[in-house]
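This report concerns only the one structure given below.
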Amino acid sequence: MSIRIIPQEQLEKSDKTTAEMIPPLLFPRLKNLYSRRAARLRQLADKNPLGDYLRFAAVVASAQEIVLYDHPLQMDLYARLVETARLGKPPLDIHTLPRDPHWQRLLHSLIAEMKPEMSGQALAVLENLEKASAPELEAMAEALFNNDFAQVSSDKSPFIWAALSVYWAQMAALIPGKARAEYGEQRQFCPVCGSVPVSSVIHMGMENGGLRYLHCNLCESEWHVVRAKCSNCEQTRDLHYWSLDSETSPIKAESCGDCGTYLKMFYQEKDPAVEPVADDLASLVLDARMEQEGFSRSSLNPFLFPGE
């Protein structure tokens, strides 16, 4: 992995490099994360053709905020951190980490929070999930992690993922260690959990100003990837930047002619309120344009899953 998570005492014994002057990894700051996302979704819903769906996503994010604090996670990840550092693997790898029943408790709590706010098809989906057995829920989670999206209906996927995301974000916030940048392959995957990003953010501020971080669509961590390099294949020779407004737009898509993919970039200095999930969902018209140009997404929005 290009960014490896090292236990604290091992990091102190290691040599410092220039790359470490740039924070390679930002673990999720859970305080108000989901409430800020919900507020941004509601703000973007005004005058947006997808306003109803953005407001639906805001309901989910608000429920995540409540459930996060109602069901705190206590877990000692130190042994796993040491072992995965030895193997050079993400400590919370979605393909190898056993899932604790905690995530299903989160799901049922989310359902209880959302049901009063939902109606019609969305309410029917929640009631259906409420009746699903534990093995059925595990099978759906496994299918989503394996990108076997056809096995899970697209109306169920956002709810399943919302619970998994809170669970993984809780674990990521508990990691008892530091991160060290290491050069290598697979920088397109989250170094914490191995999932893909939802989008990228060009940060503003004294510490991270001007730096690009990819935002994980599962554990909410962010990892540094230099600008002017494809975040999917790391090529630099055939990159183009697309915008629907003007050159100064806070939302752009970076396309790569080598691998044929694109990833959205949100510039905080041009709009400090940009939020990786909310603004990505609200700018689907840019996705449509990129698809017309022949590019495919290298990312995944937790509210937009390919379905059956």
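Here are the numbers:
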item: Fraction of antiparallel bridges per DSSP, the chain only, in percent to nearest 5; result: 85
item: Helix runs (DSSP H) in the chain reaching 15 Å along axis by Cα, Kyte-Doolittle at least -0.5; result: 51-70, 102-114, 120-131, 134-145, 157-172
item: Choice from Val82, Val192, Val60 with maximal GNM fluctuation in the chain (Cα, 10 Å cutoff); result: Val82
item: Label-point gap, in nm, between Thr236 and Ile22 - each point 7 angstrom along Cα→Cβ; result: 1.1
item: Accessible area expressed per residue, the chain, with surrounding protein chains retained (probe 1.4 Å, Å²); result: 46
item: For segment 42-72 and segment 95-153, distance of Cα centres in Å; result: 17
item: Pairwise label distance in nanometres, Ala273 with Glu142, each label 7 Å out on the Cα-Cβ vector; result: 4.4
item: Per-pair calculated FRET efficiency, R0 = 30 Å: Leu284 and Arg36 via Cβ, rounded to 0.05; result: 0.90
item: Extended-chain gain in nm, criterion 0.36 nm per residue less alpha-carbon gap, Ala79 and Ser296; result: 74.3 nm
item: Computed P(r) (all Cα pairs; the chain; 10 Å bins; percent); result: 6, 27, 36, 24, 7, 0
item: Whole-percent carbon and sulfur share, accessible surface of segment 55-110, 1.4 Å; result: 57
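The values are calculated or read from the model by the stated rules, or taken from the named source; none is laboratory data. Since we're looking at a predicted model, the values are computed, not measured. No Cβ is skipped: glycine too gets one built from the backbone with ideal geometry, and neighbour counts run over all protein chains shown. Please note that ligands, DNA and RNA were not included when accessible areas were found on the heavy atoms of the full protein model with its side chains. Shrake-Rupley method; radii C 1.70, N 1.55, O 1.52, S 1.80 Å.
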